[in-house]
Amino acid sequence: MSDLDRLIEAVKAGLPSPTNWRNFAAVPAVDDDNSAPVLAHRAYHGSLDAAKALHEALLPGWLYHVGWTQGERRAFVNVWDPRREWGEIAVMMPDNPARTLLVAILRAYRDSNQAEGER
């Protein structure tokens, strides 16, 4: 299991509660910019603006939808690349749309890089 996989599982579980952006070092920096781990840290703690900025940095050109499920109060997120035939990442988690979007972004980033490596 990679550091990114472990981070995805920790964010999904809500544990541990990272207090420092360095806990998100598994999030890749973009263009020699260390802001991606900082954005991930802020998204983990509820910043939808940070989650959106991270989405734009890691998945340029990808689309996303954030909403709520009916009945239970659960955030629902879809992330997909309209330029490719594969790949829609859907995540559903209780009460935190920013963290839900963060999980979807990290999974989509991981999966898209794995798919590109297989080509």
Would you mention how many residues in the range 55-74 are within 19 Å of TYR109 (Cβ to Cβ) and either touching a helix residue (DSSP H, G or I) at 6+ places or on another chain (Cβ under 8 Å) or aromatic (Phe, Trp, Tyr) (or both)?
7
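Of all residues being among the β-branched types (Val, Ile, Thr) and part of a loop (DSSP other than H, G, I, E, B) in the range 1-27, which is modelled with the highest pLDDT? Just the residue, please. Break it down stepwise before answering.
Looking only at the range 1-27, we keep the residues that are among the β-branched types (Val, Ile, Thr), and these are 8, 11, 19, 27.
Narrowing further to those that are part of a loop (DSSP other than H, G, I, E, B): 19, 27.
Details: THR19: 60, VAL27: 81.
Filtering first and then ranking leaves VAL27.
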Those residues of the range 56-113 which are within 21 Å of PRO37 (Cα to Cα) and small (Gly, Ala, Ser) amount to ALA57, GLY61, ALA98, ALA104, ALA108, SER112
How many residues does the range 79-95 contain that are surrounded by 14 or more Cβ atoms within 10 Å (Cβ to Cβ) and modelled with pLDDT of 85 or more?
3
Members of the range 28-78 that are closer than 24 Å to SER2 by Cβ, at pLDDT 80 or above and among the acidic types (Asp, Glu):
GLU56
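The values are calculated or read from the model by the stated rules, or taken from the named source; none is laboratory data. For clarity, every value in this text was computed on a predicted model and none was experimentally measured. Every residue, glycine among them, receives a Cβ derived from its backbone with ideal geometry; neighbour counts consider all protein chains shown.
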